[in-house]
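Coordinate-derived values only; no laboratory data. Because the structure is predicted, anything quoted here is derived from the model rather than measured. For neighbour counting, all protein chains shown are included, and Cβ atoms are generated from backbone atoms with ideal geometry for every residue, glycine included.
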Amino acid sequence: MEEVPHDCPGADSAQAGRGASCQGCPNQRLCASGAGATPDPAIEEIKEKMKTVKHKILVLSGKGGVGKSTFSAHLAHGLAEDENTQVALLDIDICGPSIPKIMGLEGEQVHQSGSGWSPVYVEDNLGVMSVGFLLSSPDDAVIWRGPKKNGMIKQFLRDVDWGEVDYLIVDTPPGTSDEHLSVVQYLAAARIDGAVLITTPQEVSLQDVRKEITFCRKVKLPVIGVVENMSGFICPKCKKESQIFPPTTGGAELMCQDLEVPLLGRVPLDPLIGKNCDKGQSFFIDAPDSPATLAYRSIIQRIQEFCDLRQSKEENLINS
């Protein structure tokens, strides 16, 4: 389907093709015929493909530049420290794919086999897929409209051969747009464990995270919790903490209390995180005892506990 009006009633609505907002839409005849409401066959194909993936976690942020991709990468690194845990990291930030750089995989290319696209591996138990691997240069711009981006996400979910995976981490672009709707729609039948929301302490970031939480509730996507990133700076010499981004309205803690969502933890600013991301290395290796590393490990443990508890509840429902 071509692009639709902002106030489109939706292809599965009784007003599809007949409402006032449908006048002049290029899809009006298609929607009125009912053909637009036909379920996408890819949903069942993706459900089948995802049977080998135990847990699926989306990483979201309302605002760009809050450290969402950095968190996604280090969540993947942290989970993969257990050699018996198979981890997959999928980058669906189509227009701004930073995962190849952060994971040290710039210049790598995707290879195709009989079973689909092969991920690029950082370690034997950590595979990565990104549109960045399909570009001839990291400086190439991806200038695509919504339908083409959605098609790319569908292809990633349906055609990448992850094999048996314990955790699939999906790094999304900022906001609540086409990419988010697509990944939720395509993975709905395959069951998503939930979403981790990344913010910084200041109100300009928190107001967008509130929108993100509203989005999650509207599409029935469980919220695992919120991570407050860049939460203060601890001087490596005097060990005193300074608030670089002051929490003028109470920060993530007060927001989480108001909206009744868990605060998974706070990650302080550490210049080594940025340096390691630019070098494509895990921050945990260079600074195993830093406050930021300890915060990450605590957050990762809480995410694992959430996924294990959710799986246990579902198994009990099936067996009861």
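Annotation: extensible slack from residue 54 through residue 42 equals 2.4 nm (criterion: 0.36 nm per residue apart, minus Cα-Cα distance). Placing +1 on the Cβ of each Lys and Arg and -1 on the Cβ of each Asp and Glu in the chain, which of 197, 31, 20 has its Cα farthest towards the positive end of the resulting dipole? Working it through, the farthest residue towards the positive pole turns out to be 20.
For the listed peptides 260-266, 53-59, a ranking on the average number of other beta carbons within 10 Å per residue, highest first, reads 53-59, 260-266. For segment 75-81, putting each phi into the Karplus relation 6.51 cos²θ - 1.76 cosθ + 1.60 with θ = phi - 60° gives couplings of 4, 5, 4, x, 5, 7, 5 Hz, in residue order, rounded to whole numbers and with x for Gly and Pro. Charge dipole of segment 120-279 (Cα centre as origin; +1 on each Lys and Arg Cβ, -1 on each Asp and Glu Cβ, all else neutral): 380 debye, rounded to the nearest 20. From its DSSP helices (H runs of at least four residues, each -39,500 (n - 2.57)), the chain gives a residue-normalised ellipticity at 222 nm of -11500 deg cm²/dmol. The phi-based Karplus calculation (6.51 cos²θ - 1.76 cosθ + 1.60; θ = phi - 60°) puts the 3J(HN,Hα) values of segment 301-308 at 4, 5, 5, 4, 5, 4, 5, 5 Hz, whole numbers, x for Gly and Pro. Taking every alpha-carbon pair under 8 Å whose residues sit at least 6 apart, segment 243-320 reaches a relative contact order of 24 percent. When a/c reaches 1.5 or more, the comparison of a/b and b/c decides; with that in mind, is the chain rounded, prolate or oblate per its Cα gyration tensor? Note, shape of the chain comes out prolate. Charge dipole (Cα centre; +1 on Lys/Arg Cβ, -1 on Asp/Glu Cβ; no other charges) of the chain amounts to roughly 760 debye. Distances between placed amide hydrogens fall under 5 Å for residue 194 paired with 56, 58, all partners being 5 or more residues away or on another chain. As a rough guide to protection, the peptides 170-181, 107-118 ranked by mean Cβ packing within 10 Å, highest first, stand as 170-181, 107-118.
Put simply, the amide H of residue 61, placed in the peptide plane, has neighbours under 5 Å in 175, 198, leaving out anything fewer than 5 places away on its chain. Listed values for segment 193-206 are Karplus-derived 3J(HN,Hα) couplings in whole Hz (6.51 cos²θ - 1.76 cosθ + 1.60, θ = phi - 60°), namely 4, x, 10, 9, 9, 9, 9, 10, x, 7, 4, 4, 8, 4, and x replaces Gly and Pro.
Under the simplified labelling scheme, the residue 145-residue 294 pair shows an inter-label distance of 5.3 nm, with each label point 7 Å from Cα along Cα→Cβ. Note on the chain: dipole from Cβ charges, positive end direction compared against 135, 107, 216; the farthest Cα belongs to 216. Kirkwood radius and radius of gyration were both taken over the C-alpha atoms of segment 185-320, and their ratio Rg/Rh is 1.03. The modelled label-to-label distance between residue 275 and residue 121, using points 7 Å beyond Cα along the C-beta direction, is 3.1 nm. Averaged over residues, the count of other Cβ atoms within 10 Å places the peptides 199-205, 156-162 in the sequence 199-205, 156-162, highest first. Can you classify segment 42-122 as rounded, prolate or oblate using the Cα gyration tensor, where a ≥ b ≥ c are the square roots of its eigenvalues, rounded means a/c under 1.5, and otherwise it's prolate if a/b beats b/c and oblate if not? Note, shape of segment 42-122 comes out rounded. Model label sites at residue 18 and residue 155, defined 7 Å from Cα along the beta-carbon direction, differ in position by 3.8 nm.
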